[in-house]
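S.K.: What follows is a single structure, and I will ask about it in a moment.
The values are calculated or read from the model by the stated rules, or taken from the named source; none is laboratory data. What you are looking at is a predicted structure, and each value in this text was computed from that prediction instead of being measured. Because the Cβ atoms are built from the backbone with ideal geometry, glycine has one as well, and the counts that use them run over all protein chains shown.
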Amino acid sequence: MNSLSPTMLIAALFFGTATQGFAVAAGTESNAPRQAQASPSTRTVFIKLDDISFSQKSIDVRPGETVRFVLKNEGALMHEFNIGRVSLQHEHQREMAALMQDGTLTPTGKAKSIVWRERNTGPGDSTPPSYPEVIEATHDDPNAVLVEPGTTKEFVWTFADATNLTFACTLPGHTQAGMIGDFVMR
Ligand SMILES: [Cu+2]
């Protein structure tokens, strides 16, 4: 019974964790709107994310407008910029709490795990037969972006109809602490 090495078993476990996060993300994809493409004329809105707040409480948008959001996280915690209806954001809060609990997400970022890759070695090759690779857990939603501490992310969105659309951070406790704001049609 030498078909499954301990290395492969560990790799399989980590892959299980990584794909779990992805599966949750894929499940939200079908009924949610997607990110848009920016053009040179796209208006840019700067938002500062901090522990625990957004720099804006309300953002004016025009019907049909595409906006490029530049999101700078100046806090020590990871934050999210999620555009959607409040009911969907409540649903997403539960998903995020589950991802925190299973370790896919941490308060400061996405979990990283080390997977040992097999290397094809030829005759006379002195390199080790396997090498480590750092894998970051994935959690991508079409209507949200995670912003790690000290980073700046861009997020482009087209507002077909801003009625009832809010922006929020759905990480556990953050919406409740005030990380929520609304889009106002002008
Ligand atoms: Cu947050």
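S.K.: Which condition breaks for Asp161 when tested against (1) over 20 Å from the mean Cα position of the chain (by Cα); (2) free of Cβ contacts under 8 Å to residues at least 40 places away in the same chain; (3) on the phi < 0 side of the Ramachandran plot; (4) part of a loop (DSSP other than H, G, I, E, B)?
M.R.: Evaluating Asp161 over (1) over 20 Å from the mean Cα position of the chain (by Cα); (2) free of Cβ contacts under 8 Å to residues at least 40 places away in the same chain; (3) on the phi < 0 side of the Ramachandran plot; (4) part of a loop (DSSP other than H, G, I, E, B) leaves (2) as the failure.
S.K.: Then there is this: Would it be correct to say that Leu171 is assigned to a loop (DSSP other than H, G, I, E, B) and either aliphatic (A, V, I, L, M) or touching a helix residue (DSSP H, G or I) at 6+ places or on another chain (Cβ under 8 Å) (or both)?
M.R.: Details: assigned to a loop (DSSP other than H, G, I, E, B): yes; either aliphatic (A, V, I, L, M) or touching a helix residue (DSSP H, G or I) at 6+ places or on another chain (Cβ under 8 Å) (or both): yes.
So Leu171 fits the description; yes.
S.K.: What number goes with the only condition from (1) within 12 Å of the ligand (Cβ to nearest atom); (2) under 19 Å from the mean Cα position of the chain (by Cα); (3) assigned to a loop (DSSP other than H, G, I, E, B); (4) not aromatic (Phe, Trp, Tyr) that Gly178 does not pass?
M.R.: Just one mismatch for Gly178, condition (2).
S.K.: Separate question: Is one or more of the residues making up region 81-95 touching a residue at least 12 places away in the same chain (Cβ under 8 Å), among the polar types (S, T, N, Q) and away from the ligand (no atom under 16 Å from the Cβ)?
M.R.: no
S.K.: So, one more: State whether the residues of region 127-144 include one that is part of a loop (DSSP other than H, G, I, E, B), of a type outside the set (Gly, Ala, Ser) and modelled with pLDDT of 80 or more. First the steps, then the outcome.
M.R.: Step one: of region 127-144, the residues part of a loop (DSSP other than H, G, I, E, B) are 127-129, 137-140, 142-143.
Still in the running and of a type outside the set (Gly, Ala, Ser): 127-129, 138-140, 142-143.
From the residues that got through so far, the ones that are modelled with pLDDT of 80 or more too are 142-143.
The answer is yes, given that some residue of region 127-144 is part of a loop (DSSP other than H, G, I, E, B), of a type outside the set (Gly, Ala, Ser) and modelled with pLDDT of 80 or more.
S.K.: Considering only residues of region 140-156 that are farther than 20 Å from Gln93 by Cβ and away from the ligand (no atom under 16 Å from the Cβ), which is farthest from the chain's Cα centre (by Cα)?
M.R.: Val156
S.K.: Next question. Name the residue, out of Phe69, Phe54, Phe46, that is away from the ligand (no atom under 14 Å from the Cβ), at pLDDT 95 or above and within 21 Å of Asp140 (Cα to Cα).
M.R.: Details: Phe54 fails: away from the ligand (no atom under 14 Å from the Cβ); Phe46 fails: within 21 Å of Asp140 (Cα to Cα).
Result of the check over Phe69, Phe54, Phe46: Phe69.
S.K.: Here's another thing I want to ask about it. Only one of (1) in a loop (DSSP other than H, G, I, E, B); (2) at pLDDT below 50 is not met by Gln35, so which one is it?
M.R.: Going through the list (1) in a loop (DSSP other than H, G, I, E, B); (2) at pLDDT below 50, Gln35 breaks only (2).
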